[in-house]
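We did not get these values from a lab; they are worked out from the coordinates using the rules stated. Not measured: the values here are computed from a predicted model. Cβ placement follows ideal geometry from the backbone for every residue including glycine, while neighbour counts extend to all protein chains displayed.
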Amino acid sequence: METLKKEIKEKKSSKPVRVAGAEAVIKCLLEEGVHLAYGYPGGAIMPVYDELYKYKDKLHHVLTRHEQGAIHAAQGFARVTGNTGVVFATSGPGATNLVTGIADAQIDSTPLVCITGQVASHLLGSDAFQETDIVGISTPVTKWNYQITKASEIPEVIAKAFYIAKSGRPGPVLIDITKDAQFEEFDFSYKKCENVRSYRAVPETDITQIEAAAKLINSAKKPFVIFGQGVIIGAAEKELKTFIEKAGIPSASTALGLSALKTKHPLHVGMVGMHGNYAPNVLTNECDVLIAIGMRFDDRVTGNLSTYAKQAKVVHFEIDPAEIDKNVKTTVAVLGDVKDTLTKITPLIQQNSHPHWLDQFHKLYKKEEEAVINNQLNPTKEGLTMGEVLHTINSQTNGEAVIVSDVGQHQMFACRYANFEQTRSNVTSGGLGTMGFALPAAIGAKMGVPNREVIAVIGDGGYQMTIQELGTILQTKAAVKIVVLNNSFLGMVRQWQELFFDRRYASTVMTNPDFIKIAEGYGIEAVRVSERKNLSNAIEKMVASTEAFFLEVVIEKEDNVFPMVPTGASVSDIRLC
Amino acid sequence: MLIMEDKQKFTVSVYTENNIGLLNRLSAIFLKRHINIESMTVCESEIDHVHRFTFVVEVPEEQIRKVVGQLEKQIEVIRAFYHTEEEIIYQETAMFKLSTAYLYDEKIQNKLKLRRAHIVTITTSFFIIETTGLKEDIDRLYEKLKPYGLLQFVRSGRIAITRPKMAISELLQEFN
C-alpha cells in the first residue's frame, strides 16, 4: 500500500532538474498550462524575462504599454476563457501600477496570478532603488499574496497561487520574488497543489437547505430569480436554464451575470440595478420568493436596503459563506458550487409556470419601451444615441460578439441594449468601476478567444486613460474592434451633475484630440461617424474587417441613461425619466 | 438607513497558519470597516504551528459577525470566532517602574498585597511591580501608583480563554 502511494506521488511530481529560480518560474507556468502572459520588464524581473526569451516558443509574452494595460488584458483573457490570467511586472512602480487591476479582479472575482520582481533579499527594507512593499500594498485587494526569498520556495508557492486563484470564488494572487531568488539555483520538481489545509475552496452543501429551498420555491406564487457572475464562473449556464425553465421563474441578471442566459430567452426579464430594466427592479419588491444565484447583492443592485424585497423570502445560492446575510438577510442559504447545487435542486422542483406573474414583467417592459427604449433605438432627434449604436452592433454581429465595455454611460447602454447569444460575452469592470479597463481588456479577450468578434465599447473619457495600449494592438496585430462613443463629456458624472448638482458641470467637459489621427498613427484603420445615415455602413465595415478597427461615433452631448434608481432610493422607485 | 444595534465589546479569536504578513491582512479587515482595535495579542496556540490572534473591539454584533466571516475567508486563517464578555475568561498583565525611594513605602506595600501584585526586580535606582488581572484591576492599581511618579508603565493586550469548547484540533484534522 505504502509503495503504491509512493509511486502515485512520484508520478505526480516531475523529476528534479537543476535550474535557476527564474527558469523555475517559467517551468511552473508551463506545468499550469499557461502559454500566454502579459507584462512589462524592468530591473528586478529581468532574470525572468531572460527565461521568457529562451522559452518564447512555449510561452508567449505580450508587451503592453503600461502595467495597468497588462493586468487589464490578463483580466479580459480570464473573463472570456475562465482560465487564470498571468501578469509580470517589475518591482516598485511596475508593481504599484498593477494595483488598480488587482483591486478590480478581487471585486469581480477574476482569477489572476501576478508575478512581480523584488529587490534582492539583502536589500529588503533599505529603500533600495525601485523597492516598494508590494506585498503590504496588495494585501487588502488580493485573495492571497506571498514574497519568495529563496528559489526552492518557487514551485510550491506558484502551485499554491494557481490553486487559490482559480478555485472556489476566484480572485487575484500576487507573488513577489526577490532578484536573488530568481538567480539562485536549486533542484526543481513540480507538483500541482490540490489542497491548502486552512482553505476550503467550496463549502459543503447541506442537503436540508436544498430541500428547504425547493419547498419554498415550489410554494411560491411570484418567484423571481436574480442570477450573477457566479453562474458563469461556475459554468452553470445549462443548469440555470434547466432550473428556471422547469420552475417557470422570471429571471433577471446582474450586470456581470449578463450572457449566462440568452438575452432573448422567454424567461429573461432584463437586468436589475441602478440602470437596469424597469420591470425587474419594480417587481423585486413584489415577488414572494427571491432566488439569488451566484450574486452578492451589491449596492448598485439593491438600492436602499431597508426597502429591498422586504416582502420576500430570500433563497441565496452562494459559494462564499461571507456573502450570506452580508447585505440581504436570507431565509434559506444554499452554500456550494452553483453547478452542483442547481443540479441537486432541480429534481426537487415541480414543473410549473407563472403566466400572470410573467405578464406583469411584460406589461412593465412595455412601459419602459415607450418611455425610454424607443427613444434610444429609433430616435426622432438629430443626435445619435448610444442605444442605437449598440443596437446596430448587435444586429450586425447577431449577438455573437464579446462586448467589452469601459465605465460610465456607454457601459450601462452596452449592458442594457446588447443582445447576448452565448456565455462569457459581457466583459466589464463591474464592482470597481475602473475607467480605462476596456481597451486593454479587449486585447486580452481577443487573444483568449481569437475566433470570436471582440468589440470594445468605450467613452471618450475612459479611452484616454489607457489609450497607449493602441501600441500593443500595433505590435501584436490583435484584431480588436474599438468603438468610442464620444459625447465630449464625462457623461455619467455630467448626468449626475444635471440631476443632482443643478447642472454645475465641474470638470466634466472634455476637449478631445483627433481620435482618428491617433488611431491612424498606430496603423489602425479609423472611421468617424457623426450622422445617422452613415452608422450602419460604418459598423458593417468594422465587423467585416479582419484587422483591428477604430470607430468613433459622435454622440448627442447631453443624453442620459434611464431608467435610474437614484442613490438611496428604493428599487421600486426607479425613475423612467 | 440600517438600524445599527448597540455596540458591545467582543473578543475575536483567530486561529491561523504562522506566516509573515498575516497580521497586516487581518488588521486590514478592521481598517476597511473603520473599526478601532482596542487590544491585540498574537502568540502560538495550543496546537503546534498554529497561531492565535486575539482582538478586542467594540462594535454591533451584526458587524462582528460579518467581520469574522471576512477573517475566516482569508486563505491562511483556519477558524475565527467572536465571543461576548460573558463567554470568556480573560486577563491582562501590566508592569510598573517606580523609583527605589518608594520601595519601603508602607502604602505601596499594602496596595501590592491587596492587588496580589509582586515585585519582580529591584535595582539601586528603580524597582518593577507586576500584576495580572482584569483591565479594571490594572486601571485601579495604575491610579494608585500614579501619584508616586511612574517611571514607566506597560500593559499587555488581552488574552482570553472561552467557556464554550473550541474544537480547533478536530477542525484542523477535517482540513487535512
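3J(HN,Hα) along the stretch A:123-132: 9, 4, x, 9, 6, 5, 4, 6, 8, 9 Hz, from the Karplus curve 6.51 cos²θ - 1.76 cosθ + 1.60 with θ = phi - 60°, whole Hz, x for Gly and Pro. Here the spin labels are modelled as points 7 Å beyond Cα on the Cα-Cβ line, and at A:Tyr53 and A:Glu547 they lie 3.0 nm apart. Across all directions, the shadow cast by the convex hull of chain A built on its C-alpha atoms averages 27.8 square nanometres.
Working out 0.36 nm times the residue gap between A:Glu525 and A:Leu576, then minus their Cα-Cα distance, what length gain in nm do you get to one decimal? Each step should come with its number before you reach the end.
Details: separation 51, 0.36 × 51 = 18.36 nm, distance 3.86 nm.
My answer for the length gained is 14.5 nm.
Summary value for the stretch B:95-159: 45 percent relative contact order, contacts being C-alpha pairs under 8 angstrom separated by 6+ residues. If only the Cβ of Lys and Arg carry +1 and only the Cβ of Asp and Glu carry -1, the dipole of the stretch A:378-554 around its Cα centre is close to 160 debye. Each Cα pair under 8 Å and six or more residues apart adds its separation to the average, and for chain A the resulting relative contact order is 14 percent.
Close amide H partners of A:Ile319, meaning residues 5 or more places away or on another chain with modelled amide H under 5 Å apart, are A:Gly336.
Cα centroids of the stretch A:119-196 and the stretch B:31-92: 27 Å apart.
Let me have the relative contact order for the stretch A:207-360, percent, based on Cα pairs under 8 Å that are six or more residues apart.
Numbers: 302 pairs, mean separation 46.6, N = 154.
Averaging sequence separation for qualifying contacts and normalising by length gives 30 percent for the stretch A:207-360.
Close amide-amide hydrogen proximity is noted between A:Glu525 and A:Phe550, each under 5 Å apart and 5 or more residues distant or on a separate chain (H modeled in the peptide plane; Pro and chain starts excluded). Each DSSP beta bridge with both residues in the protein assembly as shown is either parallel or antiparallel, and the antiparallel ones are about 45%.
Each Lys and Arg adds +1 at its Cβ and each Asp and Glu adds -1 at its Cβ; summed about the Cα centre, the stretch A:15-188 shows a dipole of about 540 debye.
Find out how many positive minus negative residues lie around A:Val457, taking Lys and Arg as positive, Asp and Glu as negative, among other residues whose Cβ is under 10 Å from that of A:Val457.
Working: positive: A:Lys481; negative: A:Asp406.
Once all neighbours under 10 Å are counted, the net charge is 0.
Near A:Ala569, the amide H atoms lying under 5 Å from its own belong to A:Asn304; only residues 5 or more places off or on other chains count, and H is placed 1.01 Å from N. Each of A:Thr284, A:Asn378, A:Asn487 was placed along the dipole of chain A (beta-carbon charges, centred on the mean Cα), and the one lying farthest toward the positive end is A:Thr284. Projected label points at A:Glu194 and A:Glu498, each 7 Å from Cα along the beta carbon direction, are separated by 5.9 nanometres.
Estimated purely from DSSP H runs of n ≥ 4, each contributing -39500 (n - 2.57), the mean residue ellipticity at 222 nm for the protein assembly as shown is -10500 deg cm²/dmol once divided by its residues.
Fully extended, how many nm does the chain gain between B:Ile47 and B:Thr123 (0.36 nm per residue separation, minus their Cα-Cα distance)? Walk me through the intermediate numbers first.
On the way: separation 76, 0.36 × 76 = 27.36 nm, distance 3.89 nm.
Length difference between fully extended and current span is 23.5 nm.
Placing +1 on the Cβ of every Lys and Arg and -1 on the Cβ of every Asp and Glu, with no other charges, gives the protein assembly as shown a dipole of roughly 760 debye about its Cα centre. In straight-distance terms, cross-link reach from A:Lys310 covers every one of the lysines whose alpha-carbon lies under 17 Å from its own, apart from those fewer than eight places away in the same chain; here that gives A:Lys221, A:Lys222, A:Lys326, A:Lys329.
Between A:Asn374 and A:Glu540, take the C-beta separation as r, use R0 = 22 Å, and let me know the FRET efficiency to the nearest 0.05. Mind dumping the intermediate values first?
On the way: r = 24 Å, r/R0 = 1.08.
Plugging the Cβ-Cβ distance into 1/(1 + (r/R0)^6) gives 0.40.
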